[in-house]
Each structure stands twice: as C-alpha cells, then as structure tokens.
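Notes for the one structure printed next.
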Amino acid sequence: MESGASRDGTAVSALGQEVNAGTSPVRDAHRFDEEALERWMTAHVEGYRGPLTVEQFKGGQSNPTYKLVTPGRSYVLRRKPPGTTLKGAHAVDREARVLTALGGTGFPVARVYGLCTDESVIGSWFYVMEMVQGRIFWDATFPSVARDERPAYFDAMNATIAQLHGVDYAAIGLEDYGRPGNYFTRQIGRWSRQYLEDQDAGRDPDMDALIAWLPDHIPAGEESSIVHGDFRCDNMIFHPTEPRVLAVLDWELSTLGHPLADFANHAMMYQMPPDIVAGLGGTDLQALNIPSEADYVAAYCARTGRTGIPNWDFYVAFNFFRLAAIFHGIKGRVIRGTAASAHARERAQALPRLSALARQAMEKCK
C-alpha cells in the first residue's frame, strides 16, 4: 500500500484487507538508519521539517513500503528490499520515473519528492512520495457505497484507465520504458517458459492447452501504450466522499504494452472469483446496480475511439493464463519451501480455478 487512504469495504480473502491494511512497527528485516534518512530528507525533499517517525505498511511485500510521519506532513517511502535481488526486479527507480512523468500530464498519481540511488543511506534504493488521503476499496462490489452511486465509481475507474492508455508516452520521455510491439508473443513466451521450467509445481492440463493455443491466435494489429499491469479497485485511492480517483498505486508491473491486454486484465474482475482477487464473479450485478461487463467494455471503447473489441475473449484468456502462470510459480516455491508470503499456499491452491477460467475464455473464441 502506498497511501494514507482508509481501506474501505469488507475483507475478501487472506490476500486482501486483513493482510495489507494499516501500519505496524518496522519489521526487523526491514529496519534502517532513520537518522540517515532524516538527513537525506532534509537535503532533498522540498519543505521537509522533522522530527521523523517511521512505520511500515503491512502490504508492500515485494518492495517494502513505509509511512513517514512528521509534525506537519506525512510521506510514503518505497524501497528495494535489503540484500541481494534479481536483476531487474524491485525497480523502484522505474516506479519513480513513471510516476514523475505521469504527474506532469494530469493523470492521478502521487507526487514524487525524490529518488535515492545511494545505498549507503538506508541500504537500498528508495523514493519518497506524497501520502494521498482518501479511500481504497478492497471489495469490487463497493459495499459501503450507496447503491445509486456505484455506477459513478465504475465510471471513474473506466475513465482513469482510458486516460492512461491515451497518454503519449514518447512526449513525456517514456519512449524507452518498455519494448513496444509483439507484446503478446513476448508475454506468452515468457509465462510459458516459466511454467514449463518449474517441474516442481507439476503440470496443469488447462495450462498445457493454453500454451499450445494462445500463440497461434494472437489478434492482428499492434498497439502500444503505458500499461499499469495490475489496475484493480484496490490499487486506486478515491476521493474521501466523491466517486473520483485521486491516485493510482503500485506501478511495479508497469511497462509499454498493448492497451487491450491491460484493460482486459482490469475488466476480468467481472469473472474473477472474489475470494482469489477482488472480483465480481458470481455476483448479482443488477441487484447491486453495477454496470454489466458488456456496458463497461463499451464505455472504454467509447472513450478510446473503438467501435468494439472483436477478440475480447482472447484478451481475457491471456490474462487468466498470465495470472495462473504467476500462481503456478508460487506453487513451486511453496513446494520447495522458499515462498516468502505466509499466504502463498492459498494462492497456490487457486491455480486450477484460474487455469480453468482461462480455458473457458479460450473455448469461447472457437
């Protein structure tokens, strides 16, 4: 979590609110020299006035995330985890870069105050950003929102992701933020290799079928935009009282890619079981006054100048396949005893449900 937002709504799984909400004392493995940080803040953060108190957000498992409290203002710090990390992983410098670039376009992100690549300060690279006050909803049904107001919250999410995909990334200096073109070919290859190389996690017949089918059914046409990679309701801070997105969080998966892959990854909330990730699968949408999937897709198309998305089920199949491959990797780490998260076993157990959803979407394409 990267904000000062309250976590609204009900807990939906052990992967959600009860794990990540709020702060706690800094964990022993993530402690650092707070006096050194305060000296850096004094020198590099405009308007900084101490003294400084440091707490750690319960989320941010990949990149430890901290709440920095001063008498006049609070900040958020994101850092690489201490110790040896995989090359290219935990790229907090990329997060700071995309946030800074998007901040100049009017897109809703937290302001970045500074990036530090001097490991002698707190032991690893980090950046400091503003703490945005507002609400985050863990439950995609927005249970604490009045029934007649829910469509406006979905419309706000829809407008925000459409706005992101419309940003001219070259004009804001992000032309080298990723490799434009051949996005699906590269992604399918990457996740297929990861799945096939992890023998410990075993084989899944639905995954095997998808690996054989997906490469030959990539829709024609190339598009490139900034993609968030994990655009969900619980990665957005909403205004305290209004259906308005104030900041989009968690940019560690962002890159240049196909906008329809990113939008389908967001919109698959309509088919996602709510006990796996914040989703609407099996929900009576009409009873809750939530727009249908078809209406939600149509709204995005209207905002992005499309007449429709003919290969919609391919994009959904691809994204469920991608998520299933990630969970397959978690399963392998659980079996090998190297999983870092206490809730990794729960994710591993969800693998067959995700791969089945991917295959169902694949079958709709035939």
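The values are calculated or read from the model by the stated rules, or taken from the named source; none is laboratory data. Fair warning: this is a prediction, and the values are worked out from it, not measured in the lab. Cβ placement follows ideal geometry from the backbone for every residue including glycine, while neighbour counts extend to all protein chains displayed.
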Checklist line | Residues that are of a type in the set (A, V, I, L, M) and in contact (Cβ under 8 Å) with a residue 40 or more places away in the chain, drawn from the range 273-290 | finding: I276, V277, A278, L280, L288, I290
Checklist line | Residue within the range 76-97 that is at pLDDT 95 or above and of a type in the set (S, T, Y) present | finding: no
Notebook entry, point to check: Got a sec? Which of A14, A43, A36 is aliphatic (A, V, I, L, M) and modelled with pLDDT under 90?
Noted result: A14
Notebook entry, point to check: Given (1) at negative phi; (2) at pLDDT 95 or above, where does E222 come up short, assuming only one miss?
Noted result: (2)
Item checked: Breaking point among (1) crowded, with 18+ Cβ neighbours inside 10 Å; (2) over 17 Å from the mean Cα position of the chain (by Cα); (3) not in a helix (DSSP H, G or I); (4) not aliphatic (A, V, I, L, M), for E175 -> (1)
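Residues checked against (1) of a type outside the set (G, A, S); (2) modelled with pLDDT under 85; (3) surrounded by 18 or more Cβ atoms within 10 Å (Cβ to Cβ):
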| site | (1), (2), (3) |
| --- | --- |
| Y315 | yes, no, yes |
| F321 | yes, no, yes |
| I326 | yes, no, no |
| H343 | yes, yes, no |
| R359 | yes, no, yes |
Notebook entry, point to check: Within the range 129-147, is even one residue assigned to a helix (DSSP H, G or I) and either under 26 Å from A287 (Cα atoms) or under 18 Å from the mean Cα position of the chain (by Cα) (or both)?
Noted result: yes
Check: Between residues in the range 39-52 that are not assigned by TED's automatic domain parsing to the domain that holds Y75 and residues that are surrounded by 13 or more Cβ atoms within 10 Å (Cβ to Cβ) and basic (K, R), which pairs lie under 8 Å by C-beta distance while being six or more apart or on different chains?
Finding: none
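Mind listing just one residue for me: the one in the range 303-319 that is among the hydroxyl-bearing types (S, T, Y) and in contact (Cβ under 8 Å) with a residue 12 or more places away in the chain and, of those, farthest from G166 (Cα to Cα)? Working first, answer last.
We begin by selecting, within the range 303-319, every residue among the hydroxyl-bearing types (S, T, Y); these are 304, 307, 315.
Those still in the list that are in contact (Cβ under 8 Å) with a residue 12 or more places away in the chain too: 304, 315.
Numbers: T304: 7, Y315: 19 Å.
Per the stated criteria, the residue is Y315.
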Check: Counting only residues that are of a type outside the set (K, R) and surrounded by fewer than 19 Cβ atoms within 10 Å (Cβ to Cβ), which one in the range 179-191 is nearest to V316 (Cα to Cα)?
Finding: T185
Next item on the list: Kindly provide the set of residues from the range 199-224 that are over 19 Å from Q349 (Cβ atoms) and part of a loop (DSSP other than H, G, I, E, B), ordered by number.
Entry: I218, P219, A220, G221, E222, E223, S224
